[in-house]
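To start, the structure itself, in structure tokens.
Just so it is clear, none of the values below were taken in a lab; they were calculated from the coordinates. Since the model is a prediction, treat every value here as computed from it, not as a measurement. A quick note on method: Cβ atoms are made from the backbone with ideal geometry, for glycine too, and the neighbour counts reach across all protein chains shown.
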Amino acid sequence: MNTLKYLNIIKFFCTKRSGAHPYVMLNVYKALIKSRITYGAIATLKETNNQEIYQLVQVVKNAALRAILGYTKSTPITTMLAEAAEYPIKYDLERAAARFIIAKLSQNHDNQNYLEKIPHGSHLMTIFNSIKNTAMVKAASSVPNNLKMFDSIEGSHQKNVTPNIILKKSSLETISKFENYFMIYTDGSLDEDSRGIGIYFNDTKEMYSRRIMAEVSICTVELIAILMALKIGILMGKRKIAVLTDSKSAVVSLKRNNNNKYFSTQIHNLIHKNPEKDFVIQWIPSHVGVPGNESADAAAKNGLTSTEILDIPIPKGDNYKIIDRKIFERWKNEFKERTRIKGKFYGDLMNQQPSNVPWFKHKGLDTGKIKLFNRIRSNHTYAKNFLNLMNVIDDETCDACNEIENAEHIIFKCKKFTSERQRHNFSKKYKNYIEMCRDTSSSNISDIAEYLKEIKKDI
Ligand SMILES: [Zn+2]
């Protein structure tokens, strides 16, 4: 099995206390092993009894993480996974399978038939059913000639230093150029699990609010608001339509004309179908007191709780992120449960929340120090208590203090090293061991490594 060959390569490059950089090696793991494991995710999840496969693959993953991060044999798996910002295997497979399904559906809706052959009652079916209505990727059409787009206003303003009153004046000057257009203000709003669009018609002073039930990105929400505004303007028979949005990223996306943004393409296509009309999409700054923008903002906020729901297909990129967030939520709950039983110290250290970025990413620290601090943060080091656990020595007590000699004892308590300890920052800075473990600054870690070197303790 190739996967095992790659595991040995990883082990070869990662010795206990030094070797290749953990962040680099995590990427090597992802490229060589994780990709192979998730490649067959669909097949694995089609099996109704896949517990055995999960366990087998999890063993390989655990061994790789242990070598890469420099952990002892006693370190709980939950701690290793969380510290590497990785998930248990079942989530890796689910995520890969969900992405595969979303990609298939976005290419061609006929793939629905292919996917319907998934065995009922299998885990894959559950994943398939949880995926929201996927939008199909359409080839980008050219930017229509009858559409003008502007991502700035009159005058040159330095970002963040221009007073609102000036920005408001410039915005109103810009807007006045479209006096003979049918003017529509749009806005998008989002809170934790809801999205709202708001549209305000300048001539009729009417407001339009709708709720979107999927957790799409704010840029997607803003583009949907623009699309709806244009559709309504066209239905009303207007010949010249100007949409005023406070989303710069939406205007930039419309100008760029790539097919990554499903709703940009939809907007272009709608305008192509109406060649006799003139369209303008103008960016204006938000929250500077432009009345139409304030009204659209209020309409979008109403949309968040509106009972009128807009049923729209979800772009691929948004769908990926929805799946990622769902899986992270489930892992968070599982982490909480698991650390109640095993790895309690690490659970408390993280306040029961696993991270989604390894603490050592982009840290200018050498491998030895990262691995040392990984062990310290897991509360599983090569101190006497571990050696005793592994039956290397019979006695785990410190010969001077008659207390168990673990990392906390060596770093914070042991009376043999009182004078050395006093010369180091950590002893004054932190009340206790767990607090010190939370500080992942290079200065803190180097300080502790220096102290251990002085007292000649290799943990
Ligand atoms: Zn001691």
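Structure summary
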item: 16 Å Cα cut-off, lysine pairs counted over segment 242-361 (separation 8 or more, or different chains); result: 8
item: Computed over segment 145-247, the ratio Rg/Rh where both radii use C-alpha atoms and Rh is Kirkwood; result: 0.99
item: Net charge, Pro358 excluded, C-beta distance under 13 Å - Lys, Arg +1, Asp, Glu -1; result: +3
item: Relative contact order of the chain, pairs being alpha-carbon contacts under 8 Å that are 6 or more residues apart, as %; result: 18
item: Leu452, Leu310, Leu230 arranged by Cβ crowding within 10 Å, fewest neighbours leading; result: Leu310, Leu452, Leu230
item: For the chain, with +1 on Lys and Arg beta carbons and -1 on Asp and Glu, the positive-most of Asn145, Asn432, Thr204 along the dipole; result: Asn432
item: ³J(HN,Hα) computed for each position of segment 181-186 - Karplus, 6.51 cos²θ - 1.76 cosθ + 1.60, integer Hz, glycine/proline x; result: 9, 7, 8, 10, 9, 10
item: Cα lying deepest toward the dipole's positive end in the chain, options Ala300, Ile33, Leu230, charges on Cβ; result: Ile33
item: Stretchable slack from Asp458 to Asp439, in nm (0.36 nm times residue separation minus alpha-carbon distance); result: 4.8 nm
item: Summed residue charge, Cβ within 12 Å of Ile323's Cβ, Lys/Arg positive, Asp/Glu negative; result: +3
item: Net charge, Ala400 excluded, C-beta distance under 11 Å - Lys, Arg +1, Asp, Glu -1; result: 0
item: Dipole magnitude of the chain about its Cα centre (Cβ charges: Lys, Arg +1; Asp, Glu -1), debye to nearest 20; result: 1020
item: Within segment 1-30: backbone nitrogen closer than 16 Å to the Glu52 label point (7 Å, Cα to C-beta); result: none
item: Largest-first principal axis extents, alpha carbons of segment 164-219, Å; result: 37, 27, 15
item: Structure-based [θ]222 nm, the chain - -39500 (n - 2.57) summed over DSSP H runs of at least 4, per residue, nearest 500; result: -15000 deg cm²/dmol
item: Pairwise centroid distance, computed over Cα atoms, of segment 122-172 with segment 199-250, Å; result: 11
item: Calculated over the chain: convex hull of Cα atoms, volume per residue (Å³); result: 196
